[in-house]
Amino acid sequence: MPLVTTREMLQAALKGHFAVGAFNANNMEMVQAIVEAATEERAPVILQVSQGAIRYAGLPFAAGLVKIAAENTDIPVALHLDHGTDFDQNVLCLRAGFTSLMFDGSSLPLEENIVISKRVCDIAHICGIPVETELGKVLKRGATPEEVKDAMAKPEDAKRFIEETGADSLAVAVGSIHALLSKTALLDIERLEEIHQIIPEIPLVLHGSSGVIEDSVVEALDHGVAKVNVATYLSQVFTFTLFEQLKQHPTVEDPRKHLVPARDAAKERVREKIRLFRSNGTVTSSGSFKSPPTQHRVADIGEPE
Ligand code: G3H
Ligand code: ZN
């Protein structure tokens, strides 16, 4: 089916207490791995294009690959700009057919972050495209625990940030760190819940999930996290598998022979994450979302008299 926006899938995830996996796709094999796994798992999926992917493949290729993959499956697929750097880049992505945008103003003072986030939201909303913004800053590998704590999202800013920007989803810094090579970070669930209570209708986004302890990721699904970004965990297995292949078959000159096992390995990791995020089985055979199980009211199940 054609690309869809992230609006409906993130609202379904928020209500159903699952998260949509947002996987960084850098080449054709990664795009195929992500979409094949999501299709087999009947999960909505977001393929996101990072700044590195734009530099590597160029915007037309990065967007084109995802569009073709979406056309050839029957699950909802969204094409998202990851960590958009400025207003102009977001406009270029709108023009290139992205169905979800992000402005990352996390390095800016709050006031400036609000002003540019609002500009991006205003223009994107004219075209019906939702926008993710960032509150606090998710730091990179190498940051100290103190730096991570200092950069966390402040719950008291959340309401104003959403009201003044009009953002559709919010990336919140709550303890994760980008590009960790093993799962060691723990999320500040109390802070996450505080933010969720303040803006309950806004899907929250977890960045840097590769390095978060799995139980902590799962806990976050009950506290407003409806989109989870995964990059390093996929890159690791892709590169490692490729390296092993080349080492074992140094005389095989056909690159496809080496790339197929790398693609298969990445696909299995996508499947693993989709199941962890509980988004598997949430899409019907016709491509729509299954409604979350009805909450039984006390009266429905018989209240003691
Ligand atoms: O925006 C992308 C992500 O936050 C990915 O983080 O590489 O640590 O999984 P990760
Ligand atoms: Zn990120």
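Beyond 30 Å in Cα-Cα separation lie the following of the pairs K183/K227; K118/K273; K118/K140; K67/K183; K149/K227; K15/K183: K118/K273; K67/K183. May I ask for the net charge around V31, where only other residues with Cβ less than 13 Å from the Cβ of V31 are counted and Lys, Arg are +1 while Asp, Glu are -1? Counting the neighbours of V31, the net charge comes to 0. Taking the Cβ of S107 as the center, what net charge do the other residues with Cβ under 10 Å away carry, scoring Lys and Arg +1 and Asp and Glu -1? That works out to -2. The distance linking region 169-217 with region 20-63 is 21 Å (Cα centroid to Cα centroid, whole angstrom). S285 exposes around 110 Å² of accessible area when a 1.4 Å probe is run over every protein chain in place.
When the chain is treated as a Gaussian network with alpha carbon springs shorter than 10 Å, the biggest mean-square fluctuation among A185, A12, A57 belongs to A57. Averaged over its residues, the chain has an accessible area of 47 Å² per residue, based on protein heavy atoms and a 1.4 Å probe. Within the listed set L242, L204, L47, the Gaussian network model of the chain (springs between alpha-carbon atoms below 10 Å) gives the highest mean-square fluctuation for L242. How large a share of the accessible area of region 6-276, in percent, is made up of carbon and sulfur atoms when the probe is 1.4 Å and the other protein chains stay in place? Answer for region 6-276 is 57 percent, counting heavy atoms of protein chains only.
The values are calculated or read from the model by the stated rules, or taken from the named source; none is laboratory data. Everything numeric in this text was worked out from a predicted model, so none of it was measured. Please note: Cβ atoms are built from the backbone with ideal geometry, for glycine as well, and neighbour counts cover all protein chains shown. Heads up: the accessible areas ignore ligands, DNA and RNA and are worked out on the full protein's heavy atoms, side chains in. Shrake-Rupley method; radii C 1.70, N 1.55, O 1.52, S 1.80 Å.
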